[in-house]
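Novice: My questions all concern the structure below.
Bear in mind that the values in this text are calculations on the coordinates, not laboratory data. As the structure is a prediction and not an experimental result, all values here were calculated from the model. A quick note on method: Cβ atoms are made from the backbone with ideal geometry, for glycine too, and the neighbour counts reach across all protein chains shown.
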Amino acid sequence: MNRREDCADVLIIGGGAAGCYAALTLAEERPELSVLLVDKAGIERSGCLAAGVNALNAYITPGHTPEEYAAYAAQDAAGIARGDLLLTMSKRLNEVTRRMEMLGLVILKDADGRYAARGWRNLKINGENIKPLLAAAVRRAANVRVLEHVDIVDLLKAEDGRIAGAWGIDLRQDAVVYLRARAVLCATGGAAGLYRPNHPGAARHAMWYSPFNTGAGYAMGLRAGAEMTSFEMRFIALRCKDTIAPTGTLAQGVGAPQVNARGKRYQAAYGNTTSERLYAVVSENLAGRGPCFLATHGITEAQERSLERSYLNMAPAQTMRWRETGRGPRTADVEVEGTEPYIVGGHTASGYWVDTARQTTVPGLFAAGDVAGGCPQKYVTGAFAEGAYAAESAARYAASHPLPEPTENVAKVQVRVERLREQSSRPSLYDVDALEEAMQQVMDEDAGGISTAYRYTERQLGAAAQHIARLTRLSEDLRAADAYGLLKIYELRERLLVCRVLIAHQQARRETRWHCFAENLDHPKQDERFEKYVNSRLRDGRVEIILRDLVGEGERYEHTFRA
Amino acid sequence: MSIRLEPEKCIGCGRCADVCPGNLLVLEAGRAQLRDARDCWGCTACVKACPRAAICYTLEASLGGAGGRLYAEDRQETLTWVLRLADGEEQRITVEKHQANDY
Ligand SMILES: Cc1cc2nc3c(=O)[nH]c(=O)nc-3n(C[C@H](O)[C@H](O)[C@H](O)COP(=O)(O)OP(=O)(O)OC[C@H]3O[C@@H](n4cnc5c(N)ncnc54)[C@H](O)[C@@H]3O)c2cc1C
Ligand code: SF4
Ligand code: SF4
């Protein structure tokens, strides 16, 4: 394999929503700093935003305040969210929205030129090209260099524990890429592909979250000793059946009520938080009153045509399905289902434990977007806002710290990688696909997947932990023929580590605070002893659980280490 | 969820390979190839990027697919989706890029 080295003031890992916005922030505010943005794919369509988004889900409309948004998000998470992160994020939502409009994002306006809202915190847009717009702006930035098709595998640290850079694999050049930096910003998104999906087999990647966000950022952070929070607060999306297209457009857009198979509106009996909306569907199904639908039958022809176009701008599968079956939403209600669980800090609170500067517990390592924890309901605008904060903090840090010397040099890294290309002394009986399938089955059956209606017992979690340990051992014997094969091995290992830590979190929260997201059948009620954050880190190869006190409204958490 | 490649139309420009968020498309002997159809997310980035309509989006049988093919014509001001149903009927839906979603 070849070898390439590079160096920058600030290294951004992941050029999705948060990473691209961070780069734009540094281009505008710190043109004197050199920035390197690395993505495993091409940034024009990489990450969650590939197909486009349907709305800006987080915006402070006139008459409302950032405090209200923060309170709403904390309440939706039943208190397990960081008030300080939510408030700082909320304060920048409108600024980043204006910036996106300047970059060319089409936002619906009323006759007076004001943004047209959908509810009190959503804006209607045409989000089909949101990612190409961001990518084009990043490419125009003079101090930002973009490295694409480079999968980052691990972080580099200095002797004193500070961040020193990262390394990865160039998928096109078949090279080891070794990157040194003064500060590193991790923005690799969340983790999909942990659980058996809705449609295993030919359509296994027909999932809500990006199957190419494999939890790399969580895994590399864990291996570097970083503290994580709230993995047990999984996110499970409620989607249109089969196509996994968003439901909000139908529910909020044309006001379609949710009904069960008997035509009854059921939601009021369950409450209306994000997890309760899913729990309602799951419960109706279990009670034999399923399936559940969004009752769109009877909308106007104009509404139907408009819905078709909206879905083409974010989830073309849905429009295609309507057209192919000849039964559009005007003539047939739209069935809904829950997806498999994901770990995603932009919807729930899972991810790096950060301070308000978005610095992790590894000095010099910052995190933003779905990989950063404590701040649920940030969505795309919140990811931008966090990207901006993290970029500013990383720039301050880079400006006041010299370039550290990584403990692991490039030659050592290369040897480590090349070992995976040699014939093994113990050739594996299994390939990546077989181990991935086994992992997803274990998580599905024993750690609360679709097949158990997201519920688990402690006994099952114990079994899941043992299986994941076995699969992790087996993954060590995997070998690859080329760079893409290496990518597959690394992705599997990332997922296995995330699963391991997730199970430890599920075991630690001995209550049911959120239906479906963490439904512990041995402890089916909320318990005030768990009004705490469940945090974790890897220490000498073991998962250490740390329970931390809540950071409430008006309070602030800061790290105690000296950076 | 997946796409289908129509190799006879492909000119090997590599646009699809550049934009696939999963690095699933590669050029081989001057033609685009999909590494593994099961790994496709169905984001349609490649469908929109292809200048020759050599890629179409399809609904898998397990997702309720009925044999239709969806192509995209990406122009400066508009994005036109062309749906060719299994029986040969063609339907076109044009989305104006400057127009926001109503919902
Ligand atoms: C299908 C879908 C629809 C959505 N719709 C909406 C919506 O309508 N409104 C809204 O407000 N929000 C929406 N969201 C949420 C929003 O898209 C996310 O919150 C946001 O994209 C998160 O930004 P991020 O930068 O953390 O992750 P991403 O945007 O996913 O970016 C992560 C990036 O990291 C890269 N990466 C991953 N691993 C590595 C690695 N090892 N090395 C290098 N690079 C790596 C990826 O390629 C990707 O580019 C939606 C999400 C999804 C999945
Ligand atoms: S639809 Fe998306 S994921 Fe599938 S091959 Fe095309 S670009 Fe890649
Ligand atoms: S974009 Fe179209 S023409 Fe170009 S390589 Fe891909 S399939 Fe072929």
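Novice: Using the 10 angstrom Cβ neighbour count as an exposure proxy, how do A:Lys525, A:Lys241 rank, fewest first? Write down the numbers at each step before the final one.
Specialist: Numbers: A:Lys525 8, A:Lys241 19.
Lowest to highest Cβ neighbour count: A:Lys525, A:Lys241.
Novice: Can you list residues from other chains, or at least 5 along the same chain, whose modelled amide H is less than 5 Å from the amide H of A:Gly165?
Specialist: HN-HN under 5 Å from A:Gly165: A:Leu156, A:Ala181.
Novice: Another question, if that's okay. Could you give me the ³J(HN,Hα) list for region A:73-83, computed from phi with Karplus coefficients 6.51, -1.76, 1.60 and θ = phi - 60°, whole Hz, x at Gly and Pro?
Specialist: Those phi angles translate into 5, 5, 5, 4, 8, 6, x, 8, 8, 8, x Hz.
Novice: If Rh is defined by the Kirkwood formula over all Cα pairs and Rg also comes from Cα, what ratio Rg/Rh do you get for the protein assembly as shown? Walk me through the numbers on the way to the answer.
Specialist: Numbers: Rg = 23.4 Å, Rh = 24.9 Å.
Radius of gyration over Kirkwood radius for the protein assembly as shown works out to 0.94.
Novice: Taking the Cα centre of each part, how many Å lie between region A:431-449 and region A:116-162?
Specialist: 30 Å
Novice: Per q in 0.15, 0.17, 0.26 1/Å, what log10 I(q)/I(0) does a Debye calculation on the alpha-carbon atoms of region A:488-563 return?
Specialist: Scattering profile of region A:488-563, log10 relative to I(0): -0.70, -0.85, -1.19.
Novice: Still on this structure, I have one more. If you plug each phi of region A:375-385 into the Karplus form 6.51 cos²θ - 1.76 cosθ + 1.60 with θ = phi - 60°, what whole-Hz ³J(HN,Hα) values come out, in order, with x for Gly and Pro?
Specialist: 9, x, 6, 8, 6, 6, 5, x, 5, 4, 4
Novice: How far apart, in nm, are two points set 7 Å out from the Cα along the Cα-to-Cβ line at B:Val82 and at A:Thr560?
Specialist: 6.6 nm
Novice: In which sequence would A:Phe366, A:Phe293 go, from the one with the fewest C-beta neighbours within 10 Å to the one with the most?
Specialist: A:Phe293, A:Phe366
Novice: Put +1 on the Cβ of every Lys and Arg and -1 on every Asp and Glu Cβ in chain A; which of A:Gly541, A:Ala224, A:Gln507 then has its Cα farthest towards the positive end of the dipole?
Specialist: Checked the options; the winner is A:Gln507.
Novice: Average projected area of the Cα convex hull of region B:2-99, in nm²?
Specialist: 6.7 nm²
Novice: Give, in nm to one decimal, the length gained when the segment between A:Ala453 and A:Asp433 is fully stretched (0.36 nm per residue of separation minus the Cα-Cα distance).
Specialist: Full extension from A:Ala453 to A:Asp433 adds 4.7 nm.
Novice: Another question, then. Thinking of region A:419-525 as a set of Cα atoms, what percent of all their pairs are more than 20 Å apart? Working shown, then result.
Specialist: Working: 2428 of 5671 pairs.
Value for region A:419-525 (Cα pairs over 20 Å): 43 percent.
Novice: Using θ = phi - 60° and the Karplus curve 6.51 cos²θ - 1.76 cosθ + 1.60, what whole-Hz ³J(HN,Hα) does each residue of region A:524-540 get, with Gly and Pro shown as x?
Specialist: The phi angles translate into x, 10, 6, 9, 5, 5, 9, 7, 8, 8, 8, 10, 8, 7, 8, 9, 6 Hz.
Novice: Follow-up. Got a sec? Which residues in region A:443-459 would a label at A:Ala261 touch, if it sits 7 Å along Cα→Cβ and we count backbone N under 20 Å?
Specialist: A:450-454
Novice: Scan region A:427-513 for GluC sites (Glu not before Pro) in coil per DSSP, keeping those whose Cβ has at most 12 other Cβ atoms within 10 Å, and list them by number.
Specialist: Those that pass, being in a loop and sparsely packed, are A:Glu476.
Novice: Related question: For the residues A:His205, A:His64, B:His98, A:His467, what sequence is obtained by ranking on other C-beta atoms within 10 Å, fewest first? Can you show the working numbers first?
Specialist: Values: A:His205 24, A:His64 15, B:His98 9, A:His467 19.
Result, fewest neighbours first: B:His98, A:His64, A:His467, A:His205.
Novice: If you take every DSSP beta bridge fully contained in the protein assembly as shown, what fraction is antiparallel? Give it as a percent rounded to 5.
Specialist: Antiparallel bridges: around 75 percent, rounded to the nearest 5.
Novice: State the extension gain, in nm to one decimal, for the chain segment bounded by A:Ser425 and A:Ser400, taking 0.36 nm per residue of separation less the distance between their alpha-carbons.
Specialist: On the way: separation 25, 0.36 × 25 = 9.00 nm, distance 4.76 nm.
That pair, A:Ser425 and A:Ser400, stretches by 4.2 nm at full extension.
Novice: Tell me, in nm to one decimal, what length is gained between A:Glu32 and A:Asp112 on full extension, where the rule is 0.36 nm per residue of separation less the Cα-Cα distance?
Specialist: Difference between extended and current length: 24.8 nm.
Novice: Just need the relative contact order of region A:140-199 here, percent rounded to a whole number, with Cα pairs under 8 Å and 6+ apart.
Specialist: Values: 68 pairs, mean separation 14.0, N = 60.
Relative contact order for region A:140-199 comes out at 23 percent.
Novice: Then there's this: Could you work out the relative contact order of chain A, using alpha carbon pairs under 8 angstrom and six or more residues apart, expressed as a whole percent?
Specialist: Result for chain A is 21 percent.
Novice: Could I ask something else about it? Determine the relative contact order of chain B: mean sequence separation of Cα pairs under 8 Å and six or more apart, normalised by residue count, in whole percent. Walk me through the numbers on the way to the answer.
Specialist: Values: 188 pairs, mean separation 22.6, N = 103.
Value for chain B: 22 percent.
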